[in-house]
Amino acid sequence: MYNDVVMDHFQHPRNVGDMADATSVAEVGSQECGDTMKVFIKIKDDVIDDIKFQTYGCAAAIASSSIATEMVKGKTVTEAKKLTKNDVVTELGGLPDQKIHCSLLAVDGILGAIEAYEKNK
Ligand code: FES
């Protein structure tokens, strides 16, 4: 069902965890399935210096969260805000049709944390 890239990120997710000194945190839920993702970001000089996540969801949601956090780490806030679910699915080498919505959870979480940062700065 899943390709090797998806399986690798599911079995060895990058950037999983918690962050005591996060600049911003967001928690989002999928309207389709109720799974949730919490994202912590640390921003320095308008760059995403560090990012961690906790996802309570399916394999596709965990793989999407892992690869999406890798994609935005080190990017400016402006660049990171351009992330879309299509970018995440492409970077993963594809997801089964019924799992495309899972990639949105990762994007919503990251964009939510950036939005919270911008509101409070
Ligand atoms: Fe819920 Fe994948 S089924 S995020």
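The listed peptides 15-23, 29-37, ordered by packing as a protection proxy, come out as 29-37, 15-23 (highest mean of other Cβ atoms within 10 Å first). Summing charges over all other residues whose Cβ lies under 14 Å from the Cβ of THR78, with Lys and Arg as +1 and Asp and Glu as -1, gives -1. Excluding MET37 itself, what net charge comes from residues whose Cβ is under 9 Å from its Cβ, given Lys and Arg +1 and Asp and Glu -1? Net charge around MET37: -2. For the range 30-57, the residues whose backbone nitrogen is under 18 Å from a point 7 Å from the Cα of GLU79, taken along Cα to Cβ, are 41-52.
Each Cα pair under 8 Å and six or more residues apart adds its separation to the average, and for the chain the resulting relative contact order is 32 percent.
Within the chain, the selection of entire DSSP H helices by a Cα span of 27 Å or greater along the long axis and an average Kyte-Doolittle value of at least 0.5 returns 100-120. Here the chain was treated as a single set of alpha-carbon atoms; its pair distances binned every 10 Å from 0 give 15, 51, 29, 5, 0 percent.
In the chain, the portion of solvent-accessible area held by carbon and sulfur atoms comes to 46 percent [1.4 Å probe, whole percent, DNA, RNA and ligands not counted].
The values are calculated or read from the model by the stated rules, or taken from the named source; none is laboratory data. These numbers were taken from a predicted model, which means no experiment stands behind them. For neighbour counting, all protein chains shown are included, and Cβ atoms are generated from backbone atoms with ideal geometry for every residue, glycine included. Only protein heavy atoms, including side chains, enter the accessible area calculation; ligands, DNA and RNA are left aside. Shrake-Rupley method; radii C 1.70, N 1.55, O 1.52, S 1.80 Å.
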